[in-house]
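Remarks on the structure that follows.
The values are calculated or read from the model by the stated rules, or taken from the named source; none is laboratory data. Keep in mind it's a predicted model, so treat the numbers as computed, not measured. So basically every Cβ, Gly included, is an ideal-geometry build from the backbone, and we count neighbours across all protein chains shown.
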Amino acid sequence: MNGAKIRQNIAFSVLGVLTLLIVVPIMLIILYIVINGAGAITWQFLTEAPRNGMKAGGIFPAIVGTILLVIGTMLFSLPLGVLSAIYLVEYASDDLFTRMIKLSVVNLSGIPSIVYGLFGFTAFVLFLHFGTSILAGSLTLAIMSLPVIITASKEALESVPFSYREISLSLGATKWQTVRYCVLPYAIPGILTGTVLSLSRAAGETAPILFTVAAFYLPRLPRSAFDQVMALPYHLYVISTQVPNIPLALSFATALVLIALVFLMNLVSIVLRAHYRKKRLW
Amino acid sequence: MAENSSESAVRSYAKPRAAEAGIFVPLNRLRRRIGEPIIELCIKLSGFVVVIFVFLIFLFLLRDSLSLFRQYSVSKFLFGTQWLPISDPPQFGVIPLLLGSVFVTAWAIFICVPLGVGSAMFIAEVAPKSLKHVLKSLVEILASIPSVVLGFLGIIWLGPFLRNTFHLPTGMCGLTGSLLLAFMALPTIISISEDALVGVPRTYREAAYGLGATRWQTLWRIILPAASSGILAAVMLGIGRVVGETMVVLMVTGNAPVIPKSILQPLRTLTATIAGEMGETVGGSEHYFALFAVGLVLFAITFTINFVADLFLRRARK
């Protein structure tokens, strides 16, 4: 074996070790939470409100709150995100205006989540008088999810072969008919994948909902979109920093439920992707 | 009528359903005349909406920041070395918070760039295909772990661990935050670096192999330099991610708004200050507006970082 070959083996081993340094902690983290949290997960924990200053009982209102927020976020961000991706791919010409939109998407994705929280608070809670509410929180999370949905939808639309559009247009279909019947149906899997992924991120976010929707302790379910709710990530934050003497098992179990929810959404997106990739026509 | 039949052809091409044109002909015509301009208007407006949001976020932050600067001078805010919002008179010097963010970010990046770029190289060039998929999904799993969960682990496990290891007075310090943030920035850095490495044209590789270079020599001397723009963009985006991260630093860095001298002492970042103090302020007070000014500083920093990263990415694509 010559020197170059030995150096290659050493270098590749170093790269392998670096990768292990990342992979092992990821698995340890998941295992650690599952092992410590699984014991405390009971039917009561999932279906009851917290009791006794959150030291006992369950997290049902927080689960419901997070699900409501995810649904609200989707209602606002999915149509808006898909329409603006359609604009960018199908309608926009390559001019200054389009470049401005693309740059805005990039910058929107880089804005810190706490800044979204500030914006949501001053714009939706105060300026538009929505109050601390599901509506204000969903809108804040929706703006935050927009860049991911737009980027994913854009890629999905761009991957539909150009010939589909040409054929449709040559048959006399209008621009919108072409988009609606010949492009969009084939882009939907990609769009859904990106949407579910961005929603799973929204479900785990704490900073944007701190001042816009999250309730410290609200052991009942919301009655309207103008109600506050508890949310899983905020609840975990509260019980691990704000309230002393919470049984650790409860914190672990809350973390486990949050992670499970997020992973479940990710899994849905992965399955969707795999399923549609098989059925792809091109 | 030719137009209508072509439309149904288009439709049946997309959705092979029974002919639905016949009955709906008048309806379709109406839809095209009125519906289509409306939907196209919606599409154009939605395209513009992203620009409006960025502008609105900036505007609202600026509005509330200006309310502070009417009562408190800009230079005292930007260059003040003390953040004492509830003393009398209050001090709103952003320097301690800025340095807190810089300290935590620098250490996080210092830790995660070698790890991230190294494992991107492993995933892109060394790992066999099956392992590659496993590694990529693990990185995706890491990306999806909510930050509050990592913060929780920092409090109950990493903080105490570091305190015992380095014999610190408290485990809630800058280093705990940096380690967790490094971990959180990894998915961004790995996936973008890997894209950059894979995106290097095959001809580069073939030419190097043809000259007798080993795979490692090719990777180190040819592919890595060729992918440098993309890797720089990855690092920039990683920095942006770390600077903007809130919950982890709020939970584990000890929340001491003083100018940090070492990474092993408690400190506080820009983001944690907003998250931690907003709940305690009175709406419309100086303190309240000062937090928006901090938000504006954050906005400016991340805007710049993303702008630069985008320039690098654009160059990488060429």
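The numbered conditions (1) of a type in the set (A, V, I, L, M); (2) within 14 Å of chain A (Cβ to nearest Cβ); (3) in a loop (DSSP other than H, G, I, E, B); (4) out of contact with any strand residue (DSSP E or B) (no Cβ under 7 Å at 6 or more places or on another chain) are all true for residue B:172 except (4). Is it true that residue A:224 is among the polar types (S, T, N, Q) and either assigned to a helix (DSSP H, G or I) or modelled with pLDDT of 95 or more (or both)? No.
Close contacts from segment B:245-274, counting a first residue that is at positive phi and of a type in the set (Gly, Ala, Ser) and a second that is crowded, with 20+ Cβ neighbours inside 10 Å and assigned to a loop (DSSP other than H, G, I, E, B), with Cβ to Cβ under 6 Å and a gap of 6+ residues or different chains, come to B:254/B:172; B:254/B:173; B:254/B:266. Kindly evaluate residue B:68 against the criterion of being in contact (Cβ under 8 Å) with a residue 60 or more places away in the chain and not hydroxyl-bearing (Ser, Thr, Tyr). Considered against the rule, which asks whether it is in contact (Cβ under 8 Å) with a residue 60 or more places away in the chain and not hydroxyl-bearing (Ser, Thr, Tyr), residue B:68 comes out as yes.
For residue A:269, are the conditions met, namely being in a helix (DSSP H, G or I), of a type outside the set (Phe, Trp, Tyr), under 29 Å from residue A:123 (Cβ atoms) and touching a residue at least 40 places away in the same chain (Cβ under 8 Å)?
Numbers: in a helix (DSSP H, G or I): yes; of a type outside the set (Phe, Trp, Tyr): yes; under 29 Å from residue A:123 (Cβ atoms): no; touching a residue at least 40 places away in the same chain (Cβ under 8 Å): yes.
It is false that residue A:269 is in a helix (DSSP H, G or I), of a type outside the set (Phe, Trp, Tyr), under 29 Å from residue A:123 (Cβ atoms) and touching a residue at least 40 places away in the same chain (Cβ under 8 Å).
Out of segment A:50-84, which residues are outside any helix (DSSP H, G or I) and touching a strand residue (DSSP E or B) at 6+ places or on another chain (Cβ under 6 Å)? Outline the logic, then answer.
Quick first cut of segment A:50-84, residues outside any helix (DSSP H, G or I) only: A:50-59.
Hits for segment A:50-84 are A:50, A:51, A:57.
The listed residues are B:45, B:56, and the only one of them that is of a type outside the set (Phe, Trp, Tyr), part of a helix (DSSP H, G or I) and within 24 Å of residue A:117 (Cβ to Cβ) turns out to be B:56.
Going by what's in this entry, would residue A:156 be described as free of Cβ contacts under 8 Å to residues at least 24 places away in the same chain, out of contact with any Ser or Thr (no Cβ under 7 Å at 6 or more places or on another chain) and surrounded by 18 or more Cβ atoms within 10 Å (Cβ to Cβ)? No: the conditions fail for residue A:156.
Could you tell me whether segment B:126-140 includes any residue that is buried (at least 16 other Cβ atoms within 10 Å of the Cβ), in contact with a Gly (Cβ under 7 Å, 6 or more places away or on another chain), closer than 30 Å to residue A:250 by Cβ and within 12 Å of chain A (Cβ to nearest Cβ)? No, that holds for no residue. Checked against the criterion of being at pLDDT below 85 and more than 11 Å from chain A (Cβ to nearest Cβ), segment B:36-47 contains not a single residue that satisfies it. Scanning segment A:27-48 for residues that are surrounded by fewer than 20 Cβ atoms within 10 Å (Cβ to Cβ), in contact with a Phe, Trp or Tyr (Cβ under 6 Å, 6 or more places away or on another chain) and either among the aliphatic types (A, V, I, L, M) or closer than 16 Å to residue A:259 by Cα (or both) yields one hit, A:36.
One residue stands out among those in segment A:133-171 that are over 30 Å from residue B:54 (Cα atoms) and part of a loop (DSSP other than H, G, I, E, B): the one that is nearest to the other protein chains (Cβ to nearest Cβ), which is A:171. Of all residues in segment B:141-167, exactly one satisfies the criterion of being surrounded by 23 or more Cβ atoms within 10 Å (Cβ to Cβ) and hydroxyl-bearing (Ser, Thr, Tyr), namely B:147. So in segment B:208-232, with the set limited to residues that are surrounded by 22 or more Cβ atoms within 10 Å (Cβ to Cβ) and touching a Ser or Thr at 6+ places or on another chain (Cβ under 9 Å), which one is farthest from residue B:103 (Cα to Cα)? Once the filter is applied, the top-ranked residue is B:227. Residue B:97 falls short on exactly one of the conditions (1) free of Cβ contacts under 8 Å to residues at least 60 places away in the same chain; (2) crowded, with 22+ Cβ neighbours inside 10 Å, and that condition is (1). As a summary of the residue check, residue A:174 satisfies the conditions (1) without any contact (Cβ under 8 Å) to a residue 40 or more places away in the chain; (2) more than 10 Å from chain B (Cβ to nearest Cβ) except for the one numbered (2). Here A:231, A:207, A:253, A:249 are screened, and the one residue that is surrounded by fewer than 19 Cβ atoms within 10 Å (Cβ to Cβ) and in contact with a Gly (Cβ under 8 Å, 6 or more places away or on another chain) is A:249.
For residue A:46, the requirement of being farther than 28 Å from residue B:181 by Cβ, assigned to a helix (DSSP H, G or I) and at pLDDT 90 or above is met. Of all the numbered requirements in (1) modelled with pLDDT of 90 or more; (2) buried (at least 18 other Cβ atoms within 10 Å of the Cβ), residue A:92 misses one, and that requirement is (1).
Would you mind stating whether residue A:141 is modelled with pLDDT of 95 or more and among the aliphatic types (A, V, I, L, M)? Explain how you work it out, then say what you get.
Working: modelled with pLDDT of 95 or more: yes; among the aliphatic types (A, V, I, L, M): yes.
Yes: the conditions hold for residue A:141.
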